[in-house]
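For reference, the structure discussed in these notes is given below.
The values are calculated or read from the model by the stated rules, or taken from the named source; none is laboratory data. The structure displayed is predicted, hence computed values, not measured ones. Glycine gets a Cβ as well: all are built from the backbone with ideal geometry, and neighbour counts include every protein chain shown.
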Amino acid sequence: MNFYYDVLLNFCEDNIYDFYEWESNDPFDNVKKIPIFKVDNELIKDLLEYHLQVDSEFLKQIKNKTILDRALNKTIAYACILTDSKNSLAIELDSKGKVLCVSKLLIEDENNINEISYTLKHTNIKYELLSKRSINNELRQLKRIRKLISLELKTIVKEKNYTKLKYLYFEWFDITNNSIDKMLEDMNNDLIIISDKHFKIYEIIKESYKETN
């Protein structure tokens with residue numbers, strides 16, 4: 001069996017993030033040693049698009065082979081890295097073979113694995129597609145901006161802070177408006193596609209709370 005050493009993984013349950021979207025509060029694992037397998041491109045593609053379950057025979061090969069801390073004998077029961085020589089994914093599975101989490105890799109690790117993958121023998125892993133993943137290609141930062149602004153508008157309405165609403169509206173659209181309903185409608189409708197002006201509003205909202213602390 002082949003292994004890859006000293007790799008940072010980001011096993012998020014609901015989403016599969018590229019390394020440039022990783023955030024400091026993500027559930028990182030500093031993996032000391034993990035099995036690595038060369039597989040078909042189709043499996044890599046299916047992992048990104050579907051929830052799936054692998055054959056139980058494959059589980060026997062990787063059981064307790066992923067080491068987090070040798071001194072504490074800390075392992076991940078079922079995990080490995082799969083590569084097609086172009087793209088690599090780390091997966092964590094349950095005892096029945098269902099893929100629980102998927103992690104992409106840092107670019108340095110991805111490049112290293114691409115190089116060593118040419119020395120690996122191909123492994124045929126049997127698997128079953130379970131359900132389609134809910135794929136949202138929007139960057140995490142854009143989703144966070146939309147969420148914060150939307151929450152702020154709801155807070156403004158709840159607190160009836162219409163002075164702040166008018167200020168944000170002017171900064172947003174560079175025009176004045178005295179209709180509360182119209183301002184809220186325009187702002188909520190404009191949140192569908194995040195652009196530079198929303199970054200500006202996002203920063204204004206953040207700064208407004210710093211001033212009150």
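Among the residues of segment 43-61, how many are over 19 Å from I16 (Cα atoms) and outside any helix (DSSP H, G or I)?
1
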- Contact list, first residue from segment 87-112 and assigned to a strand (DSSP E or B), second anywhere and of a type in the set (F, W, Y), beta-carbon distance below 6 Å, six or more apart or interchain, is E92/F11; L93/Y78; C101/F11; S103/F11
- Taking segment 66-119 as the search range and keeping residues that are acidic (D, E) and surrounded by 14 or more Cβ atoms within 10 Å (Cβ to Cβ), which one is farthest from R133 (Cα to Cα)? D109
- Residues within segment 113-144 that are modelled with pLDDT under 90 and assigned to a loop (DSSP other than H, G, I, E, B), tallied: 7
- Message: Could you tell me how many of the residues in segment 16-42 are in a loop (DSSP other than H, G, I, E, B) and in contact (Cβ under 8 Å) with a residue 12 or more places away in the chain?
- Response: 9
- Filter segment 145-170 down to the residues that are among the charged types (D, E, K, R), loosely packed, with under 13 Cβ neighbours inside 10 Å and part of a helix (DSSP H, G or I), then identify the one that is modelled with the lowest pLDDT. K147
